[in-house]
Amino acid sequence: MPQQHSIYEQGLERQAANFAPLSPLNFLRRSAFVHPERTAVVHGQARYSYAEFYARVRRLASALAKRGIGRGKTVAVMAPNVPALLEAHYGVPLAGGILNAINTRLDPASIAFILNHGQADILIADKELSPAVKPALAQLGRAITVIDIDDPLAEAGALLGEKDYEALLEEGDPAFEAAEPGNEWQSICLLYTSGTTGNPKGVLYSHRGAALNAMGNCMTFGLTGASRYLWTLPMFHCSGWTFTWAVTSAAATHVCLRKVEAGPIFRLLEEERVTHLCGAPIVINMLATADDSIKRPLAGPVRVMTGGAAPPSAIIKAMEEQGFSVLHAYGLTEVYGPATACDRQEAWDDYDLPRRAAMMARQGVRYTTLDGATVKDAGTMAETPWDGETIGEIMLRGNTVMKGYLKNPQATEEAFAGGWFHTGDLAVRHPDGYIEVKDRSKDIIVSGGENISSLEVEEALYRHPGVLEAAVVARPDERWGETPCAFVTLRPGAEVGAAEIIDHCRGTIARYKVPKTVVFGALPKTSTGKIQKFALRQQAKDL
Ligand code: ADP
């Protein structure tokens, strides 16, 4: 049937002419053209319109190009959530380069490793981080151009570089334009995973994946031109879960924030009329449990995306009670941050809050912009049954999965075995198709041959009114192999002993899952607010 064939194929010859590489750079070009006067960036008292934001980005790209940054060259930035780091998400790729945003809490040896492994030619660093950056530079074993971010809002720090970031911008042309990206699969960012075992791995993002995940964020989180996004999530973490680009694509307003503290956050929520923010469950918990003297009534609806670790339903419930609208997302550095979200069903509106919060605590379903999210048996690659019980590994596939690990073909190959990206997260699939994480494969506790999900035990602990934070890890045990060991931080003023915690758990979960040991104290956390379970495992071992 030749006619059908031609309907199907007509216009294919023009495909090449209409093809344009997908890139977040086009988001900024459009927003600056359509909304030049709208506020793009807020930082303390400073405000940049979209026209100014774009001009600063072009100056940065031009100044970098003059210093030899072009295709395939890396520019590293180490900074809290300040305008310079946001601008680098556009200025570096506009020059053709790759942005390597570095975790601000890393030790000098790790920073030096990343700068060398990622082959950075220029490092732009906030002066407050000089205590770590200075020894890192000494360990590099090569010269590198250093530019300081001399932010007036920084509390302290030394200037280490040859000039200040604002002076660098002065070198650049505000009308600079480059034909970038030449190819949408070109790298835009290099981001290192925390690497709790061995050296950190460098994850490469493409322009295409970055643009798509950013658009997925807008669809999932409902960003519009009227949105005001507070930067509570580090931009160095998965490019701020790609909100660095999503907020700009919506021509919304970025509200910068140097430090994640409840006081300034509640102040900005009110004064800057914030509508959206993201954060790890620990950050959300900090807001939910902040002292009444710090809390302020919300100026309007505020949407909160949480992920990066499993949010106990008690935290979701507390936030919803205070008027925040919570969305739970799941992902990893390798998939541009959020890849699934717990898309809300109308039926849940009729549930009481605890039941709704329990539904929302599941990791959910794939982003619109991701091709596939499933749970498989890693051995056979067969999908696990949707019974809410059978544990398998979450596997992801699509345009928003990384290009690979830099200079690490073996790890890349292993991660993509069988054509799907292996997350290392263990989960079940419920009858409605929603995915629920049970544990990271390395966090699961095996006691007397039974698997115990540390998240399930934590969920039970968080339901005790005296518990502020909790984490459960395996403690080696002669008889059982491993037993659950709980680390608990109590709310101020709460007087609760181990026996009461254990009793409380007995009332909610199966006996073999109840912690045998309870340790009270503060919990060690990563820069992104995740509890460092490997440190707790070591502590449990040494008990
Ligand atoms: P790292 O924590 O090693 O730096 P990432 O920041 O990429 O790496 O974290 C990804 C991991 O965080 C996932 O593999 C998963 O274990 C955990 N994670 C992320 N989001 C969620 C979530 N919503 N629920 C449970 N675990 C999550």
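May I ask you to verify whether residue 341 is buried (at least 20 other Cβ atoms within 10 Å of the Cβ), at pLDDT below 95 and not polar (S, T, N, Q)?
So residue 341 does not fit the description; no.
What's the number of the condition residue 127 fails, among (1) crowded, with 16+ Cβ neighbours inside 10 Å; (2) over 18 Å from residue 87 (Cα atoms); (3) not small (Gly, Ala, Ser)?
Condition (2) is where residue 127 drops out.
Please go through the range 458-486 and give me each residue that is closer than 14 Å to residue 519 by Cβ and either assigned to a loop (DSSP other than H, G, I, E, B) or open to solvent by less than 10 Å² (accessible area, probe 1.4 Å) (or both), ordered by number.
461, 467, 470, 471, 472, 473, 483, 484, 485, 486 - these are the residues of the range 458-486 that are closer than 14 Å to residue 519 by Cβ and either assigned to a loop (DSSP other than H, G, I, E, B) or open to solvent by less than 10 Å² (accessible area, probe 1.4 Å) (or both).
Hey, among the residues in the range 281-312 that are of a type in the set (S, T, N, Q) and more than 20 Å from the chain's Cα centre (by Cα), which one's nearest to residue 463 (Cα to Cα)?
The residue in question is 289.
Is there any pair linking a residue in the range 109-123 that is closer than 20 Å to residue 64 by Cβ to one that is modelled with pLDDT under 95 and open to solvent by less than 40 Å² (accessible area, probe 1.4 Å), with Cβ under 7 Å and at least six apart or on different chains, and which?
114/200
So how many residues does the range 165-223 have that are in contact with a Pro (Cβ under 9 Å, 6 or more places away or on another chain), aromatic (Phe, Trp, Tyr) and either at pLDDT below 95 or in a loop (DSSP other than H, G, I, E, B) (or both)?
1
The conditions are (1) open to solvent by less than 50 Å² (accessible area, probe 1.4 Å); (2) under 29 Å from residue 245 (Cα atoms); (3) more than 16 Å from the ligand (Cβ to nearest atom); (4) assigned to a helix (DSSP H, G or I), and residue 319 fails exactly one of them. Which is it?
Result: residue 319 passes all but (3).
Being within 7 Å of the ligand (Cβ to nearest atom) and either in contact with a Gly (Cβ under 9 Å, 6 or more places away or on another chain) or in a helix (DSSP H, G or I) (or both) is the filter here, so list the residues in the range 307-316 that pass it.
307, 308, 309
Looking at (1) more than 13 Å from the ligand (Cβ to nearest atom); (2) open to solvent by 30 Å² or more (accessible area, probe 1.4 Å), which is the one condition that is false for residue 192?
In the conditions (1) more than 13 Å from the ligand (Cβ to nearest atom); (2) open to solvent by 30 Å² or more (accessible area, probe 1.4 Å), residue 192 misses (1) alone.
Out of all the residues in the range 366-382, which are within 13 Å of the ligand (Cβ to nearest atom) and over 19 Å from residue 425 (Cβ atoms)?
Passing the criteria: none in range.
Within the range 208-244, how many residues are in contact (Cβ under 8 Å) with a residue 60 or more places away in the chain, open to solvent by 10 Å² or more (accessible area, probe 1.4 Å) and among the aliphatic types (A, V, I, L, M)?
Adding up the residues that qualify gives 3.
Can you pull out the residues in the range 425-455 that are of a type outside the set (A, V, I, L, M, F, W, C) and part of a loop (DSSP other than H, G, I, E, B)?
Those that are of a type outside the set (A, V, I, L, M, F, W, C) and part of a loop (DSSP other than H, G, I, E, B): 430, 431, 432, 433, 434, 441, 442, 443, 448, 449, 453.
Taking the stated definitions as given, is residue 27 at pLDDT 95 or above, within 30 Å of residue 134 (Cα to Cα) and surrounded by 15 or more Cβ atoms within 10 Å (Cβ to Cβ)?
no
For the range 130-162, which positions are among the acidic types (Asp, Glu) and either within 25 Å of the chain's Cα centre (by Cα) or surrounded by 16 or more Cβ atoms within 10 Å (Cβ to Cβ) (or both)?
Listed by number, the residues that qualify are 148, 150, 151.
Does residue 294 count as of a type in the set (Val, Ile, Thr), open to solvent by 10 Å² or more (accessible area, probe 1.4 Å) and within 16 Å of the ligand (Cβ to nearest atom)? Working first, answer last.
Working: of a type in the set (Val, Ile, Thr): yes; open to solvent by 10 Å² or more (accessible area, probe 1.4 Å): yes; within 16 Å of the ligand (Cβ to nearest atom): no.
The answer is no for residue 294.
Does the range 223-251 hold any residues that are in contact with a Lys or Arg (Cβ under 7 Å, 6 or more places away or on another chain) and over 22 Å from residue 287 (Cα atoms), and which are they?
251, the sole residue that qualifies.
Of all residues in the range 496-534 being assigned to a strand (DSSP E or B) and not aromatic (Phe, Trp, Tyr), which is most open to solvent (accessible area, probe 1.4 Å)?
525
Checking residue 60 against (1) closer than 18 Å to residue 206 by Cβ; (2) part of a helix (DSSP H, G or I), which single condition isn't satisfied?
Of (1) closer than 18 Å to residue 206 by Cβ; (2) part of a helix (DSSP H, G or I), only one is false for residue 60: (1).
Can you tell me which residue is surrounded by the most Cβ atoms within 10 Å (Cβ to Cβ) among those in the range 386-439 that are of a type in the set (Ser, Thr, Tyr) and within 14 Å of the ligand (Cβ to nearest atom)?
Among residues in the range 386-439 that are of a type in the set (Ser, Thr, Tyr) and within 14 Å of the ligand (Cβ to nearest atom), the one surrounded by the most Cβ atoms within 10 Å (Cβ to Cβ) is 400.
Could you look through the range 61-75, keep only residues that are modelled with pLDDT of 95 or more and within 25 Å of the chain's Cα centre (by Cα), and pick out the one that is surrounded by the most Cβ atoms within 10 Å (Cβ to Cβ)? Can you show your working first?
Filtering the range 61-75 for residues modelled with pLDDT of 95 or more gives 61-71, 73-75.
In the following step, the residues that additionally are within 25 Å of the chain's Cα centre (by Cα) were identified as 73-75.
On the way: 73: 19, 74: 23, 75: 27.
The residue in question is 75.
Output the residues belonging to the range 324-365 that are within 11 Å of the ligand (Cβ to nearest atom), part of a strand (DSSP E or B) and β-branched (Val, Ile, Thr).
Selection gives 340 alone.
The values are calculated or read from the model by the stated rules, or taken from the named source; none is laboratory data. Given the structure is predicted, the values throughout are model-derived calculations rather than measurements. Neighbour counts are summed over all protein chains in view; Cβ atoms, including those assigned to glycine, are modelled from backbone coordinates with ideal geometry. The accessibility values were calculated without ligands, DNA or RNA, using every heavy atom of the protein model including side chains. Shrake-Rupley method; radii C 1.70, N 1.55, O 1.52, S 1.80 Å.
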